[in-house]
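First up is the structure itself, then whatever we jot down about it.
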C-alpha cells in the first residue's frame, strides 16, 4: 500500500487551539452582514420617505379643500345653470365622493391589513372609486359640450360663471393628471422591458458567437498539437 505523505502545512490545526469553531465564525459573519444590510436602506431612504409623505399630505389636504369648495358652489348655485342643471349636482356628488374616498383610505390604513373591518373598507372603497370614475365621465359629458355657456342671466343658455368655470377647470385638471400618469406608467413599463432584454442579452450570449468561439478554440488547440 502507498502511504500519503502529509506535510506540516497541510495538517489541520487541532480544535482546542481555538475558543470556538470555524462554523460559529461563519454564522457570526453572516449575522453581521445581514444586520449591515438591514441598517443601510433605512438610513438611505428616510429623507426620501419624509419628502414623499409630506408631498402626499399636502396634495390630499389641497384636494380636500378643493372638493369642499365644489360642494359649497354646487349647493349655493344649485338652480342657476338652466343650460345644464346637472353641473351643480355633479360638483356636489363629485366633492362628497372624493372626500369619502380619502376618509376610507386613511381608515383602512389605521385598522390594519388582515382585519375584517379593513376588508369591508377596501370593498366599499373599490365601489366608491368605480362610481366616482363613472360620475366623472358623465360630468365631462355635461360640461364640455356646452362650452362656452352664456353668463348673462335670464337666457336659456345661462350658467352661473363661477360654478361652470370651477367645474371646467377641476375636470380638465383631473384629465391632465390622468393622462400624465398614463404616460409615466407607459415609460416605466418600456424602460423595464428594455432593461430585461439587455439583461438577458448579457446573461445569454449569442449562440453563433458561442459556437464560433468554441470552434476557434478547438482549431487553436489542434494546431498546437
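The values are calculated or read from the model by the stated rules, or taken from the named source; none is laboratory data. Because the structure is predicted, anything quoted here is derived from the model rather than measured. Cβ atoms come from the backbone with ideal geometry, glycine included; neighbour counts cover every protein chain shown.
Points worth noting:
- Flag for residue 68 being at pLDDT 90 or above, within 28 Å of the chain's Cα centre (by Cα) and closer than 30 Å to residue 137 by Cβ: yes
- So residue 209, is it more than 19 Å from residue 97 (Cα to Cα), modelled with pLDDT under 85, in contact with a strand residue (DSSP E or B) (Cβ under 9 Å, 6 or more places away or on another chain) and exposed (fewer than 12 other Cβ atoms within 10 Å of the Cβ): no
- Within the stretch 100-121, the set of residues being touching a helix residue (DSSP H, G or I) at 6+ places or on another chain (Cβ under 6 Å), more than 25 Å from residue 73 (Cα to Cα) and in a helix (DSSP H, G or I) comprises 107, 108, 111, 117, 118, 121.
- Qualifying residue in the stretch 88-99 (condition: assigned to a helix (DSSP H, G or I) and out of contact with any helix residue (DSSP H, G or I) (no Cβ under 7 Å at 6 or more places or on another chain)): no
- Checked against (1) in a loop (DSSP other than H, G, I, E, B); (2) at pLDDT 85 or above, residue 138 passes all but a single condition, namely (1).
- Screening the stretch 82-127 for residues that are farther than 17 Å from residue 63 by Cα and touching a residue at least 24 places away in the same chain (Cβ under 8 Å) and picking the one that is surrounded by the most Cβ atoms within 10 Å (Cβ to Cβ) gives 87.
- Conditions (1) closer than 27 Å to residue 154 by Cα; (2) part of a helix (DSSP H, G or I): number failed by residue 80: (2)
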